[in-house]
1. Which residue pairs have Cβ atoms closer than 6 Å, lie 6 or more positions apart in sequence or on different chains, and pair a first residue in the stretch 189-214 that is in contact (Cβ under 8 Å) with a residue 12 or more places away in the chain with a second residue that is open to solvent by 40 Å² or more (accessible area, probe 1.4 Å) and part of a helix (DSSP H, G or I)?
2. Filter the stretch 74-93 for residues that are open to solvent by 20 Å² or more (accessible area, probe 1.4 Å) and either aliphatic (A, V, I, L, M) or free of Cβ contacts under 8 Å to residues at least 40 places away in the same chain (or both) and give the result.
3. Being closer than 24 Å to CYS82 by Cα and open to solvent by 90 Å² or more (accessible area, probe 1.4 Å) is the filter here; which residues of the stretch 27-62 pass it?
4. Could you tell me which residue of the stretch 195-236 is modelled with the lowest pLDDT, considering only residues that are outside any loop (DSSP other than H, G, I, E, B) and more than 25 Å from TYR180 (Cα to Cα)?
5. Would the stretch 175-184 turn up any residue that is out of contact with any helix residue (DSSP H, G or I) (no Cβ under 7 Å at 6 or more places or on another chain), open to solvent by less than 70 Å² (accessible area, probe 1.4 Å), closer than 18 Å to GLU240 by Cα and touching a residue at least 24 places away in the same chain (Cβ under 8 Å)?
6. Exactly one condition in (1) closer than 28 Å to SER19 by Cα; (2) open to solvent by less than 70 Å² (accessible area, probe 1.4 Å); (3) modelled with pLDDT of 95 or more is not met by GLY170; state its number.
7. Checking ILE21 against (1) of a type outside the set (Lys, Arg); (2) open to solvent by less than 80 Å² (accessible area, probe 1.4 Å); (3) in contact (Cβ under 8 Å) with a residue 40 or more places away in the chain; (4) not in a helix (DSSP H, G or I), which test does it fail?
Amino acid sequence: MRVDILSLFPEMFQVLSCSVIGRAQDSGIIEVGVHNIRDYTTNKHKQADDYPFGGGQGMVMMPQPVFDCMDKVREISPDAKCIHMSPRGRILDADLAKELASENGLIILCSHYEGLDQRVIDELVDYEVSIGDYILTGGELPAMVLLDSIARYIPGVLGCAHSAEDESFGISKILEYPQYTRPYDYKGLKVPDVLISGHHANIEKWRRREALIITQKMRPDLLDNVELTEEEMKILEETE
(Lines give C-alpha, C1' and ligand atoms only; values in the text may rest on other atoms or scores of the structure.)
Protein backbone atom coordinates (compact mmCIF):
# COMPACT_ATOMS: atom_id res chain seq x y z
CA MET A 1 0.00 0.00 0.00
CA ARG A 2 1.12 3.55 -0.72
CA VAL A 3 0.16 6.31 1.72
CA ASP A 4 0.75 9.98 0.93
CA ILE A 5 0.50 12.54 3.72
CA LEU A 6 -0.10 16.25 3.11
CA SER A 7 1.00 18.48 5.98
CA LEU A 8 2.34 21.90 6.93
CA PHE A 9 4.73 20.18 9.34
CA PRO A 10 6.27 17.18 7.52
CA GLU A 11 9.15 16.97 9.99
CA MET A 12 6.73 15.52 12.54
CA PHE A 13 6.51 12.30 10.55
CA GLN A 14 10.10 11.23 11.18
CA VAL A 15 8.73 8.78 13.74
CA LEU A 16 7.31 6.70 10.88
CA SER A 17 10.81 5.40 10.20
CA CYS A 18 10.73 3.56 13.56
CA SER A 19 9.29 0.30 14.84
CA VAL A 20 6.65 -1.66 12.91
CA ILE A 21 5.87 1.05 10.35
CA GLY A 22 9.58 1.55 9.68
CA ARG A 23 10.12 -2.16 9.10
CA ALA A 24 7.09 -2.32 6.84
CA GLN A 25 8.58 0.47 4.72
CA ASP A 26 11.99 -1.18 4.64
CA SER A 27 10.43 -4.41 3.39
CA GLY A 28 8.35 -2.63 0.75
CA ILE A 29 4.96 -3.56 2.22
CA ILE A 30 4.08 0.08 2.84
CA GLU A 31 5.36 3.12 0.96
CA VAL A 32 4.91 6.48 2.68
CA GLY A 33 5.34 9.84 0.99
CA VAL A 34 5.17 13.06 3.05
CA HIS A 35 4.44 16.30 1.19
CA ASN A 36 4.87 19.84 2.52
CA ILE A 37 1.79 21.89 1.65
CA ARG A 38 3.79 25.06 2.29
CA ASP A 39 5.99 24.26 -0.75
CA TYR A 40 2.97 24.98 -2.95
CA THR A 41 2.20 28.46 -1.66
CA THR A 42 2.52 31.35 -4.11
CA ASN A 43 3.57 34.13 -1.72
CA LYS A 44 7.10 34.91 -0.66
CA HIS A 45 6.38 34.30 3.03
CA LYS A 46 5.10 30.75 2.37
CA GLN A 47 1.86 31.69 4.10
CA ALA A 48 -0.75 28.94 3.87
CA ASP A 49 -3.50 30.44 6.03
CA ASP A 50 -5.66 33.54 6.17
CA TYR A 51 -8.44 35.15 8.19
CA PRO A 52 -11.89 33.53 7.90
CA PHE A 53 -14.61 35.27 5.89
CA GLY A 54 -17.40 36.44 8.16
CA GLY A 55 -15.05 36.99 11.07
CA GLY A 56 -14.19 34.67 13.91
CA GLN A 57 -11.21 33.46 15.88
CA GLY A 58 -8.04 31.99 14.44
CA MET A 59 -6.87 31.36 10.89
CA VAL A 60 -8.05 29.01 8.15
CA MET A 61 -5.89 27.07 5.70
CA MET A 62 -6.23 28.49 2.20
CA PRO A 63 -7.43 26.27 -0.66
CA GLN A 64 -4.77 27.09 -3.28
CA PRO A 65 -1.73 25.40 -1.67
CA VAL A 66 -3.75 22.29 -0.83
CA PHE A 67 -5.26 22.00 -4.30
CA ASP A 68 -1.85 22.39 -5.95
CA CYS A 69 -0.21 19.91 -3.59
CA MET A 70 -3.00 17.43 -4.22
CA ASP A 71 -2.59 17.82 -7.98
CA LYS A 72 1.04 16.74 -7.61
CA VAL A 73 0.21 13.81 -5.37
CA ARG A 74 -2.51 12.65 -7.75
CA GLU A 75 0.18 12.19 -10.39
CA ILE A 76 1.65 9.51 -8.11
CA SER A 77 -1.58 8.04 -6.70
CA PRO A 78 -4.43 8.89 -9.08
CA ASP A 79 -6.96 6.48 -7.54
CA ALA A 80 -6.13 6.79 -3.83
CA LYS A 81 -8.88 7.72 -1.40
CA CYS A 82 -8.34 11.04 0.37
CA ILE A 83 -8.90 11.23 4.12
CA HIS A 84 -9.10 14.50 6.05
CA MET A 85 -8.28 14.17 9.75
CA SER A 86 -11.06 16.14 11.42
CA PRO A 87 -12.83 16.15 14.82
CA ARG A 88 -16.14 16.16 12.96
CA GLY A 89 -15.35 12.96 11.05
CA ARG A 90 -16.28 9.34 11.59
CA ILE A 91 -14.68 7.96 14.73
CA LEU A 92 -11.78 5.63 13.99
CA ASP A 93 -12.41 2.06 15.12
CA ALA A 94 -11.20 -1.41 14.15
CA ASP A 95 -13.86 -1.81 11.45
CA LEU A 96 -12.85 1.44 9.74
CA ALA A 97 -9.15 0.57 10.03
CA LYS A 98 -9.76 -2.79 8.32
CA GLU A 99 -11.88 -1.13 5.66
CA LEU A 100 -9.17 1.41 4.81
CA ALA A 101 -6.45 -1.27 4.91
CA SER A 102 -8.12 -2.90 1.91
CA GLU A 103 -7.51 0.18 -0.26
CA ASN A 104 -4.62 0.17 -2.72
CA GLY A 105 -3.62 3.69 -1.72
CA LEU A 106 -4.55 6.48 0.68
CA ILE A 107 -3.94 10.21 0.87
CA ILE A 108 -4.11 11.68 4.37
CA LEU A 109 -4.69 15.42 4.58
CA CYS A 110 -3.67 17.14 7.82
CA SER A 111 -5.25 20.51 8.49
CA HIS A 112 -4.09 23.01 11.08
CA TYR A 113 -5.05 26.27 12.79
CA GLU A 114 -8.85 26.72 12.95
CA GLY A 115 -9.43 24.33 10.08
CA LEU A 116 -9.50 23.96 6.34
CA ASP A 117 -11.32 25.92 3.65
CA GLN A 118 -14.54 23.98 3.00
CA ARG A 119 -13.96 23.97 -0.76
CA VAL A 120 -11.02 21.62 -0.26
CA ILE A 121 -13.21 19.20 1.69
CA ASP A 122 -16.05 19.40 -0.84
CA GLU A 123 -13.85 18.82 -3.88
CA LEU A 124 -10.92 16.67 -2.74
CA VAL A 125 -11.88 14.64 0.34
CA ASP A 126 -13.51 11.20 0.31
CA TYR A 127 -13.61 10.59 4.08
CA GLU A 128 -13.34 12.68 7.22
CA VAL A 129 -11.97 10.69 10.15
CA SER A 130 -11.59 11.55 13.84
CA ILE A 131 -9.58 9.68 16.47
CA GLY A 132 -11.80 10.88 19.32
CA ASP A 133 -14.10 13.53 20.71
CA TYR A 134 -11.43 16.07 21.56
CA ILE A 135 -9.46 18.76 19.74
CA LEU A 136 -5.75 18.68 18.90
CA THR A 137 -3.61 21.45 17.44
CA GLY A 138 -3.39 19.74 14.06
CA GLY A 139 -4.01 16.61 12.06
CA GLU A 140 -0.46 15.23 12.18
CA LEU A 141 -0.76 13.11 15.32
CA PRO A 142 -4.18 11.74 14.26
CA ALA A 143 -2.68 10.87 10.86
CA MET A 144 0.03 8.80 12.57
CA VAL A 145 -2.58 7.03 14.69
CA LEU A 146 -4.65 6.30 11.60
CA LEU A 147 -1.69 4.94 9.65
CA ASP A 148 -0.54 2.77 12.55
CA SER A 149 -4.01 1.30 13.06
CA ILE A 150 -4.41 0.58 9.33
CA ALA A 151 -0.95 -0.95 8.93
CA ARG A 152 -1.69 -3.70 11.43
CA TYR A 153 -4.31 -5.13 9.05
CA ILE A 154 -2.04 -5.17 6.00
CA PRO A 155 -0.69 -8.69 5.37
CA GLY A 156 2.97 -9.04 6.29
CA VAL A 157 3.22 -5.99 8.55
CA LEU A 158 2.88 -7.91 11.82
CA GLY A 159 5.09 -10.88 12.58
CA CYS A 160 2.10 -13.11 13.33
CA ALA A 161 -0.74 -13.20 10.83
CA HIS A 162 -3.35 -13.49 13.62
CA SER A 163 -2.00 -10.83 16.00
CA ALA A 164 -4.42 -8.11 14.91
CA GLU A 165 -7.34 -10.53 15.15
CA ASP A 166 -6.50 -11.63 18.70
CA GLU A 167 -6.02 -8.16 20.18
CA SER A 168 -8.64 -5.83 21.63
CA PHE A 169 -11.42 -4.98 19.15
CA GLY A 170 -10.36 -7.89 16.94
CA ILE A 171 -12.66 -10.64 15.67
CA SER A 172 -14.14 -11.26 19.12
CA LYS A 173 -15.10 -7.54 19.46
CA ILE A 174 -14.07 -7.51 23.13
CA LEU A 175 -10.95 -6.40 24.99
CA GLU A 176 -7.86 -8.57 25.01
CA TYR A 177 -7.09 -11.11 27.74
CA PRO A 178 -4.10 -10.54 30.12
CA GLN A 179 -0.63 -11.38 28.82
CA TYR A 180 2.34 -12.77 30.78
CA THR A 181 5.96 -13.64 30.04
CA ARG A 182 9.06 -14.84 31.93
CA PRO A 183 9.91 -15.13 34.75
CA TYR A 184 7.12 -17.32 36.09
CA ASP A 185 7.62 -15.93 39.60
CA TYR A 186 8.57 -12.24 39.95
CA LYS A 187 8.74 -10.91 43.51
CA GLY A 188 6.16 -13.48 44.55
CA LEU A 189 3.80 -12.54 41.71
CA LYS A 190 3.16 -15.70 39.72
CA VAL A 191 1.82 -16.38 36.26
CA PRO A 192 -1.56 -18.20 36.30
CA ASP A 193 -0.82 -21.92 36.30
CA VAL A 194 -3.19 -22.63 33.43
CA LEU A 195 -0.88 -20.75 31.06
CA ILE A 196 2.00 -23.13 31.71
CA SER A 197 -0.13 -26.27 31.79
CA GLY A 198 0.23 -27.01 28.09
CA HIS A 199 -3.52 -27.72 27.91
CA HIS A 200 -4.53 -25.53 24.97
CA ALA A 201 -8.29 -25.93 25.39
CA ASN A 202 -8.10 -24.81 29.02
CA ILE A 203 -5.84 -21.92 28.07
CA GLU A 204 -8.31 -20.69 25.44
CA LYS A 205 -11.18 -21.05 27.89
CA TRP A 206 -9.26 -19.05 30.52
CA ARG A 207 -8.38 -16.34 28.02
CA ARG A 208 -11.99 -15.99 26.88
CA ARG A 209 -13.17 -15.78 30.50
CA GLU A 210 -10.60 -13.15 31.46
CA ALA A 211 -11.30 -11.12 28.31
CA LEU A 212 -15.00 -11.04 29.11
CA ILE A 213 -14.37 -9.99 32.71
CA ILE A 214 -11.99 -7.21 31.65
CA THR A 215 -14.46 -6.01 29.02
CA GLN A 216 -17.28 -5.95 31.55
CA LYS A 217 -15.12 -3.89 33.91
CA MET A 218 -13.57 -1.46 31.41
CA ARG A 219 -15.94 -1.31 28.42
CA PRO A 220 -19.29 -2.95 29.24
CA ASP A 221 -20.85 -1.28 26.21
CA LEU A 222 -18.91 -3.65 23.93
CA LEU A 223 -20.80 -6.64 25.35
CA ASP A 224 -24.05 -5.38 23.81
CA ASN A 225 -22.85 -6.68 20.43
CA VAL A 226 -21.34 -9.97 21.63
CA GLU A 227 -23.14 -13.30 21.49
CA LEU A 228 -22.59 -15.00 24.85
CA THR A 229 -23.17 -18.58 25.92
CA GLU A 230 -25.18 -19.35 29.03
CA GLU A 231 -21.96 -20.25 30.84
CA GLU A 232 -20.36 -16.92 29.87
CA MET A 233 -23.43 -14.97 30.98
CA LYS A 234 -23.25 -16.74 34.33
CA ILE A 235 -19.55 -15.84 34.68
CA LEU A 236 -20.34 -12.17 34.11
CA GLU A 237 -23.24 -12.24 36.57
CA GLU A 238 -20.98 -13.73 39.23
CA THR A 239 -18.27 -11.12 38.71
CA GLU A 240 -20.49 -8.03 38.70
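1. VAL194/ASN202; VAL194/TRP206; ILE213/THR239
2. ARG74, GLU75, ILE76, PRO78, ASP79, ILE91, LEU92
3. Passing the criteria: GLU31, ASP39, THR42.
4. Filtering the stretch 195-236 down to residues outside any loop (DSSP other than H, G, I, E, B) leaves 195-196, 200-218, 220-225, 230-236.
Now drop any that are not more than 25 Å from TYR180 (Cα to Cα), which leaves 221, 224-225, 230-231, 233-234.
Values: ASP221: 95, ASP224: 94, ASN225: 89, GLU230: 96, GLU231: 95, MET233: 95, LYS234: 96.
Per the criteria, the residue is ASN225.
5. no
6. Single failed check for GLY170: (3).
7. It fails just one condition, (4).
The values are calculated or read from the model by the stated rules, or taken from the named source; none is laboratory data. Only a predicted model underlies this, so the values are computations on that prediction, with no experimental measurement involved. Neighbour counts run over all protein chains shown; Cβ positions are idealised from the backbone, glycine included. Heavy atoms of the whole protein, side chains included, go into the accessibility calculation; ligands, DNA and RNA do not. Shrake-Rupley method; radii C 1.70, N 1.55, O 1.52, S 1.80 Å.
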